[in-house]
1. Considering each of V21, V90, V17 in turn, give the residue that is among the hydrophobic types (A, V, I, L, M, F, W, C), assigned to a loop (DSSP other than H, G, I, E, B) and over 30 Å from L139 (Cα atoms).
2. Write out, first by first residue and then by second, each pair whose Cβ atoms fall under 9 Å of each other, whose residues are 6+ apart or on separate chains, and whose first residue, in segment 37-59, is over 20 Å from K14 (Cβ atoms) while the second is at pLDDT 85 or above.
3. Which one of these does N46 not meet: (1) modelled with pLDDT under 85; (2) more than 28 Å from I131 (Cα to Cα); (3) in the same structural domain as Q152 (by TED's automatic domain parsing)?
4. All but one of (1) among the basic types (K, R); (2) more than 30 Å from R110 (Cβ to Cβ); (3) loosely packed, with under 11 Cβ neighbours inside 10 Å hold for R75; which doesn't?
5. So which pairs qualify, if the first residue must be in segment 65-87 and assigned by TED's automatic domain parsing to the domain that holds P111 and more than 15 Å from L125 (Cβ to Cβ), the second must be among the basic types (K, R) and in a loop (DSSP other than H, G, I, E, B), the Cβ gap must be under 6 Å, and the two must be at least 6 apart or on different chains?
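The values are calculated or read from the model by the stated rules, or taken from the named source; none is laboratory data. Quantities reported herein were computed from a predicted structural model and do not represent experimental measurements. Here Cβ is always computed from backbone atoms with ideal geometry, including for glycine, and neighbour counts include all displayed protein chains.
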Amino acid sequence: MTDPIDKITLEGGKYTVELGVKNGRFSFTALRHGEPWRDMSSDGDNLMLAMFQKIREQKEQIAKLERGVQAPLQRTLRRWDVEDGSTEPVEAEPTYTMTMDADRGLLEIRPAGLNDEQLDGVPQLLVMVEIMKGLPRLLVHTDILGGEVEAQFVSLPDGRLVDRLYATPDIQAIGEQIRSRAAAPSEFPESNQAPRV
């Protein structure tokens, strides 16, 4: 049976601090380049022990936050009208759940509280975003479980949106245009983005 040892690696692997039980005894040691370096088990080094535990807590917190960032974001949608702003919902108005998965480029809107088997025939929306041949493309489905594409929009370099891409774009020229603009000094030094109206 292996004794439980908790490890923290620092400085890109130069130091490894181990805390746990070895051969049935409390062990708190540091390795340097994988070789024994310091034994802190018996010298009353409570400062190092407190720092070890704090680093371990911080690493666990960072890992938890990273998992949260990677997980799809889910929100309950309130009524919002683009022209009139937020208004109070009418009686018995349904609520919707919006799930955004940025890693997959998906935005799903479905009635709250319904599982996949209950979705047939009720309002729902799936928006998918992808880069196709160097251009951003948006696909809209009204069946989030894999229905036909109801609408698609491709953004062209001249600022137009088209529903079909009939010509093969010059990907190299688009890349050069984006890189040259990114390298140019910003008109708004305090921000990388132009202010929105």
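1. One residue alone meets the criteria, V90.
2. The qualifying pairs are S41/S27; S41/F28; S41/T29; S42/F28; L49/L19; L49/F28; L49/M40; Q53/L19.
3. The number of the failed condition is (3).
4. Condition not satisfied by R75: (2).
5. Here the result reads T87/R79, each pair linking segment 65-87 to a residue that is among the basic types (K, R) and in a loop (DSSP other than H, G, I, E, B).
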